[in-house]
Amino acid sequence: MTTQTTRRALHLAVGGIVQGVGFRPFVYRLARELVLAGWVLNTERGVEIHVEGGGDALDAFVRALRNDAPAAARVQTVEVRPAPLEGCSNFAILQSTSASRPTARISPDLPVCAACLRELLDPTDRRFRYPYINCTDCGPRYSIVRGLPYDRPLTTMQGWAMCEACRSEYEDPGDRRFHAQPVACPACGPQFLLVCGDENIRGDPALAKTAALLRDGAIVALKGIGGYHLACDARNMRAIAALRERKYRKERPFAVMARDVAAARRLVELDAAATQLLESTMRPIVLAAACETLEGVAPDNRELGVMLPYTPLQHLLFADGAPSVLVMTSANRSSEPIAYEDADARERLAGIADAFLVGERPIARRIDDSIARSGAFGVSVLRRARGCAPLALAILPASRPILALGADLKNAPTLVVDGQAFVAQHIGDLEQYAAFESFRSAVADLCAMYDVRAEDLVVAHDAHPDYASSAYAQTLGAERIAVQHHRAHIASVLAERGSFSDEVVGVAFDGVGFGDDGTIWGGEIFTGSLERGFVRRMHLRTAALPGGDGAARFPVQAAAGYLAGIDGLPAFSEPPFDFPNRFAQARELLRARMRVFTTSSVGRLFDTVAALCGFTREATFEGQAAMWLQHQAETASGEVTAYPFPLDGAELDFRPALAAAAHDRAAKRDPREIALGFHLALADAIASACAVFASVPVVLSGGVFQNRLLLQLVRERLGERIWTNALVPANDGGISLGQAAIVSLSSTFSRTA
């Protein structure tokens, strides 16, 4: 027995994902098991614990906190210090406190767990077929939180009082729903309503009717965790064609949801790593090589984006006979943000959806599905949203709060509080008014969540003076620092790794970014470190870009600039090229020197090669021509050698590769072989440039490095030297983390004019 003289006390502060994941109930049960007294509570910074007892039991308690936490928890730090005895006689969960700026890490939304899924489908359980079933191991988190600490009154469940049965579970330390904030049941919780024409169907019959509508080829708007989806039968060509027409989504691939892993395996090639990613708590859309063609779902693409059901409602729809594979795409018109509020969804999706399955629980903020891939360098996140946001992805040496606004494409801002970098969910492209309003709301939401005032901030933004995000920075009344786009790409990789002093070679290849000299960069090679800064050492040879941004939509327009000045080329208006008139118009702009810009963009170089290989139409979404070219290269057969792509001083000279590709196409060479020859050439060029800088790590970032074939080819040449993005996208979705890292390592914060 522990005597008063041997009894001692500890105070513990636990940081990480420790709220909304059953951590306090875990602490309570652990303390009771070890016969310890004290208390636990949520604070703005995480979880605080006071515990009293014998030394061996206290040591076991601390070990278990670090090693045996609930599956959904992520214990980042455990600070332990001796404390005076308070004379506690039992262990209790106390009411949360609120005294200082919050820095607790909010859990992402979690997929329904196996235990809840069993109850959902058990006719004897009181939550049988209840679409809002959840427990401490699963269910909504970030999408329902309105403030910290994470308690029911600060969630969108505040309007539903628990019934006696739910309250009993909530207060029972031995129950799986002990202190599960969204706990509810059919007797006391929110319900669903199907709106189909003039018919309103409530409760369980609504789900059976929705499944029948999907089988019959209807398009249904389904309210999910972070917003609405538009769903239809993935094997119904007429339904898919109607969805594309109504949504104004011409060719961009749709994601699909498979009923289970077995159904997913029939659609795509899944190795062990991809399967693990598919079933992870992130439950992302996983890109993998297709092994079944779903007509109209992913045109001209060897990959298919597949996800598994992650909400109880989705499981019920499949159980009720919905098609085993559903198109499941964000509910919006092309380029708009996802609809998440009921009235707005009914208005914006009118004319797209044939019916609406509406849940009563409000969504606090819109969150898209995450997109990820398992590839040559492990898991890489391509869109960071549900299941990921708003995890803190880095610890940065920042003495003040930093708000990093990101770029205008694939925007996702970052807030740094007490050194923790919280990266928000994917917002989208800010050229759309609705997306910009969503961006403003997300920034305000982040700052309010962590109680940060604008006057206390240092605001990092892209160096492009005409970006909407840069203009918005000026409205905040805070200290501002402009960060060059491509340096931020490299910094995002280093921030993820916590590598502040490592000297690296940084290769940043993308479509467009504002350069130090005012030109359009996009093929840059730097050396340096986060602490010392990055010096531009090499770059793609510059080209003329007629018409500016329009060249990103019309590959032949980019080709006019990149092919200019190369002698002896064939006639591109004749077969097999048959370039449309826009090519000639772009050449006229070059001759007149009207609206002609200088660029080193690798993205536009990809567009040029795509045009030479036959992609001469307008691109209907960003990166389409490059994706098409990758698809061509991956289907090439036979022996293919790399085109010449020499390093000329500080420039990677693309002209020999383009000339050879153009002549090969004129000689009727298979475009797939030309595409592969170009990929091999670019990989060789990257390897040659990096070889100049000895054996330091090579950092690859920027949208071009979403190309899985190029990544594999570069890895074959450079091996383990390569560092890439993993938890934030290599595209502009990772820019804000890089901006925050660069500003946090700046020796002084200097105000921009």
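The values are calculated or read from the model by the stated rules, or taken from the named source; none is laboratory data. Nothing here was measured: the structure is a model prediction, and the numbers come from that model. So basically every Cβ, Gly included, is an ideal-geometry build from the backbone, and we count neighbours across all protein chains shown. We work out accessible area using only protein heavy atoms, side chains counted, and drop any ligands, DNA or RNA first. Shrake-Rupley method; radii C 1.70, N 1.55, O 1.52, S 1.80 Å.
Summary of computed values
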| item | result |
| --- | --- |
| Computed Kirkwood radius, in angstrom, where 1/r is averaged over Cα pairs of segment 593-681 | 13.7 |
| Accessible carbon and sulfur surface of segment 311-380 relative to its total accessible area, %, 1.4 Å | 44 |
| Antiparallel content of DSSP bridges confined to the chain, in %, to 5 | 70 |
| Positive minus negative residues near A683 (Lys, Arg vs Asp, Glu; Cβ under 13 Å) | +1 |
| For Q420, residues with placed amide H under 5 Å, excluding near neighbours | L396 |
| Dimensions in Å of segment 376-468 - Rg and Dmax from alpha carbons | 13.4, 44 |
| Mean Cβ neighbour count within 10 Å, used as a protection proxy, ranking 597-604, 449-456 highest first | 597-604, 449-456 |
| Share of alpha-carbon pairs per 10 Å distance bin for segment 594-753, given as whole % | 9, 33, 35, 17, 5, 1 |
| Selection from G523, A234, F91, by position along the positive dipole direction of the chain (Cβ) | F91 |
| Within-14-Å neighbourhood charge of F645 [Cβ basis; K, R +1; D, E -1] | -1 |
| Base-10 log of normalised Debye intensity for segment 185-225 (one unit scatterer per alpha-carbon) at q = 0.29, 0.30, 0.32 Å⁻¹ | -1.13, -1.17, -1.24 |
| Size of segment 107-230 as Cα extents on the principal axes (Å, biggest first) | 46, 35, 25 |
| At most 15 other Cβ within 10 Å, DSSP loop - GluC sites (Glu not before Pro), segment 276-315 | E292, E295 |
| Dimensionless Rg ratio for segment 325-388, taking C-alpha atoms and the 2.2 N^0.38 Å reference | 1.36 |
| Kirkwood estimate for segment 18-152, i.e. one over the average of 1/r between Cα atoms, Å | 16.3 |
| Computed magnitude of the charge dipole of the chain (debye, nearest 20; Cβ of K, R +1, Cβ of D, E -1) | 200 |
| Signed unit charges on C-beta, dipole axis of the chain, positive-most listed residue V195, G565, A263 | V195 |
| Among 158-171, 78-91, the order from most to least packed when residues are scored by Cβ within 10 Å on average | 158-171, 78-91 |
| Amide H within-cut-off set for V596, under 5 Å, with H built and near neighbours excluded | G547 |
| Accessible surface of S637 - all protein chains present, 1.4 Å probe, nearest 10 Å² | 80 |
| Largest to smallest principal axis extent of the C-alpha atoms in segment 1-95, angstrom | 37, 24, 20 |
| Disulfide-incompatible cysteines by the Cβ rule (no partner under 4.7 Å) in the chain | C88, C116, C135, C166, C185, C196, C232, C291, C388, C447, C613, C690 |
| Cα pair distances of the chain binned at 20 Å [whole percent] | 16, 47, 30, 6, 0 |
| Charge-dipole axis of segment 218-374 as Lys and Arg at +1 and Asp and Glu at -1 on Cβ define it, positive-most pick from A345, P312, L294 | A345 |
| Cβ charges +1 (Lys, Arg) and -1 (Asp, Glu), total dipole of segment 520-566, debye | 120 |
| Segment 438-565 - percent of accessible surface contributed by carbon and sulfur, probe 1.4 Å | 44 |
| Debye intensity ratio in log₁₀ form over the Cα atoms of segment 426-577, taken at each q of 0.09 Å⁻¹ | -0.42 |
| Distant-in-sequence amide H partners of Q76 (H built 1.01 Å from N, under 5 Å) | G15, G16, I17 |
| Three-way shape call for segment 298-357 based on the alpha-carbon gyration tensor, with the a/c threshold at 1.5 | oblate |
| Solvent accessible area, Å² - K668, 1.4 Å probe, full protein context | 150 |
| Estimated 222 nm signal from helices in the chain, with DSSP H stretches of n ≥ 4 weighted -39500 (n - 2.57), rounded to 500 | -9000 deg cm²/dmol |
| Alpha-carbon Debye profile of segment 681-753, log10 I(q)/I(0) at 0.11, 0.12, 0.16 Å⁻¹ | -0.37, -0.43, -0.68 |
| Packing rank of 608-616, 710-718, where each peptide gets the mean count of other beta carbons within 10 Å, highest leading | 608-616, 710-718 |
